[in-house]
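Single-structure report; data block below.
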Amino acid sequence: MPHGDQLFRGFQVTGQMMYALRLDRGNSLYALGFKFSDMTQEPWTARFLAVKGRQPRAMRASAVTMAEAVGSLDFRAWGRVVLVGAISSQDETLAAGAPVSLLCNAISQAKGWEWKQDILRKRRHRSIHTLRGGAAQRDAEVNGVYSAAKIGGAVGTIAIVDDFTTRGSTASDIERAVTEANPGWRYLSFALGKNEKAGYLSDGISNAHVPPALSAIWDSVQ
């Protein structure tokens, strides 16, 4: 799939999303925008924080908007695509009403992809966002927590869906678990937002790449 203008630290604009070929933990990523830890009033960050706070309207809006953004991209070259969703730190399976569950359902309907809700299981662990020991501690906390069942049928592509990602540690462990049970599959990763600091670079970064149409879609959902 062709990608567009360079954005920030390896991110490029792709359709209505941003794309990174590689995160710190080796995963590629499609996301709507950045969730800034140091600029919480920024409009897209505020929307993302409402999803993180499990506000019902924001969760519905995130699903509708993500379906529009992913639905506009062409993944036909990836063959059969099976969706799996990241699981909350305190859960062992993906809860039906969780933000990630709504995202998976919306993307599945928009793209006609299979959503396998029962493929992944996870050992409960501490929330990595509460850990203060640095990147190595956060990576270690989610290393080895996932397990996966066999999928069956033709080998294709696994699309990992999360609400927010920082280094790609969760997606990396999901990929490990799925590969152990299902060798030979390829991987895509999707998230609403990439956690970042607006002041990371001297000239800063922003969400100016997000099309106004997506803002309108999000804000129109009741």
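The values are calculated or read from the model by the stated rules, or taken from the named source; none is laboratory data. Here the structure is a predicted model, which is why all the values come from computation and not from measurement. Methodologically, a virtual Cβ is constructed for each residue, glycine included, from the backbone with ideal geometry; neighbour enumeration extends over all protein chains shown. Surface areas here come from the heavy atoms of the whole protein model, side chains and all, with no ligands, DNA or RNA. Shrake-Rupley method; radii C 1.70, N 1.55, O 1.52, S 1.80 Å.
Check whether at least one residue in region 77-95 is among the aliphatic types (A, V, I, L, M), free of Cβ contacts under 8 Å to residues at least 24 places away in the same chain and either in a loop (DSSP other than H, G, I, E, B) or under 29 Å from Gly144 (Cβ atoms) (or both), and report yes or no. Among the residues of region 77-95, at least one is among the aliphatic types (A, V, I, L, M), free of Cβ contacts under 8 Å to residues at least 24 places away in the same chain and either in a loop (DSSP other than H, G, I, E, B) or under 29 Å from Gly144 (Cβ atoms) (or both), which makes the answer yes. Picking from residues in region 21-55 that are within 19 Å of Ile160 (Cβ to Cβ), in a loop (DSSP other than H, G, I, E, B) and not polar (S, T, N, Q), the one that is most open to solvent (accessible area, probe 1.4 Å) is Arg22. When Ile128 is tested against the conditions (1) more than 28 Å from Ala69 (Cα to Cα); (2) at pLDDT below 85; (3) open to solvent by 30 Å² or more (accessible area, probe 1.4 Å), the lone failure is (1). Taking region 134-168 as the region of interest, how many residues are assigned to a helix (DSSP H, G or I) and either modelled with pLDDT of 90 or more or of a type in the set (Val, Ile, Thr) (or both)? Residues that pass the stated criteria total 1. For region 57-64, the condition of being over 19 Å from Ala198 (Cα atoms), surrounded by fewer than 20 Cβ atoms within 10 Å (Cβ to Cβ) and not hydrophobic (A, V, I, L, M, F, W, C) holds for at least one residue.
Within region 65-76, take every residue that is in a helix (DSSP H, G or I) and in contact (Cβ under 8 Å) with a residue 40 or more places away in the chain and give me the one that is surrounded by the fewest Cβ atoms within 10 Å (Cβ to Cβ).
If we take residues in region 65-76 being in a helix (DSSP H, G or I) and in contact (Cβ under 8 Å) with a residue 40 or more places away in the chain, then Gly71 is surrounded by the fewest Cβ atoms within 10 Å (Cβ to Cβ).
Figure legend. Inter-residue proximity from region 24-43: first residues of a type in the set (Val, Ile, Thr), second residues at pLDDT 95 or above, beta-carbon distance below 9 Å, spacing 6+ or different chains. Indicated pairs: Thr40/Ala46; Thr40/Leu49.
Considering only region 97-118, state which residues are farther than 14 Å from Lys52 by Cα and modelled with pLDDT under 95. Hits for region 97-118 are Lys116, Gln117, Asp118.
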